[in-house]
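J.: This is the structure, below, for whatever I ask next.
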Amino acid sequence: MTPVIIMVLGLFKDIVDGTPIGFWGLLITFFFFAAQGQQQVLARASFRGRWLGYSGICSLTFLAGYLIAAVRDDMLSLFWVSMGSAALSSLWFLPISLILGLLIAEDQE
């Protein structure tokens, strides 16, 4: 059920952004399955390892988005913008991880 919900969120982003239907749906679902595949490794990794894993998956996802956009005539495709977006997404890992860590700690008390 989770991949379907994630795909729907991606399709919603396609509608809001005006990108071709399925572009973000495909990328977000790809990210989900890539992260799911690394779940056991990332669960045992240190904070730095989780951050690097997340950054790697972000980079692969945005690279896939860049490559898809590069072969389409109706989308602008700039490599450095795509990789910059991946870097900015990776920077969000720290505050989100800290907030989720605090919420999980409160639930365990």
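Throughout, read-outs are computed from the coordinates displayed, never taken from laboratory work. Everything numeric in this text was worked out from a predicted model, so none of it was measured. A quick note on method: Cβ atoms are made from the backbone with ideal geometry, for glycine too, and the neighbour counts reach across all protein chains shown.
J.: Between Ser97 and Val8, what FRET efficiency follows from the Cβ-Cβ distance if R0 is 22 Å, with the result rounded to 0.05? Could you put the intermediate results ahead of the total?
T.: On the way: r = 25 Å, r/R0 = 1.15.
Once the sixth-power term is evaluated, E becomes 0.30.
J.: Another one. Among Trp92, Trp51, Trp24, which one moves the most in a GNM of the chain with springs linking Cα atoms closer than 10 Å?
T.: Of Trp92, Trp51, Trp24, the Gaussian network model singles out Trp92 as fluctuating most.
J.: Right, next: Hey, could you grab the Kirkwood Rh for the chain? Inverse mean 1/r over distinct alpha carbon pairs, Å, one decimal.
T.: Working: mean 1/r = 0.0658 Å⁻¹.
For the chain, inverting the mean 1/r across all distinct Cα pairs yields 15.2 Å.
J.: Can you give the FRET efficiency for Phe33 and Ile104, using 1/(1 + (r/R0)^6), R0 = 25 Å, r = Cβ-Cβ distance, to the nearest 0.05?
T.: Details: r = 24 Å, r/R0 = 0.95.
Step by step, r from the Cβ atoms, then E = 0.60.
J.: If one takes the longest principal axis of the Cα atoms in the chain, at what angle in degrees, from 0 to 90 and to the nearest 10, does the Cα axis of helix 79-91 lie?
T.: For helix 79-91, the angle is close to 20 degrees.
J.: Taking the 0 to 90 degree range and rounding to the nearest ten, how far is the long axis of helix 47-71 tilted relative to the main principal axis of the chain, both from C-alpha atoms?
T.: 10 degrees
J.: In nm², what is the average projected area of the convex hull enclosing the Cα atoms of region 1-62? Spell out each step's value before the answer.
T.: Working: hull surface 17.6 nm².
Computing the convex hull of the Cα atoms and averaging its projections yields 4.4 nm².
J.: Something else about it: So what's the angle, to the nearest 10 degrees on a 0 to 90 scale, between helix 23-37 and the longest Cα principal axis of the chain?
T.: Here the helix axis deviates by roughly 30 degrees.
J.: Based on the mean of other Cβ atoms within 10 Å per residue, sort peptides 16-23, 55-62, 28-35 so the most packed one is first.
T.: On the way: 16-23: 12.9, 55-62: 19.0, 28-35: 17.1.
With the highest mean Cβ count within 10 Å placed first, the list reads 55-62, 28-35, 16-23.
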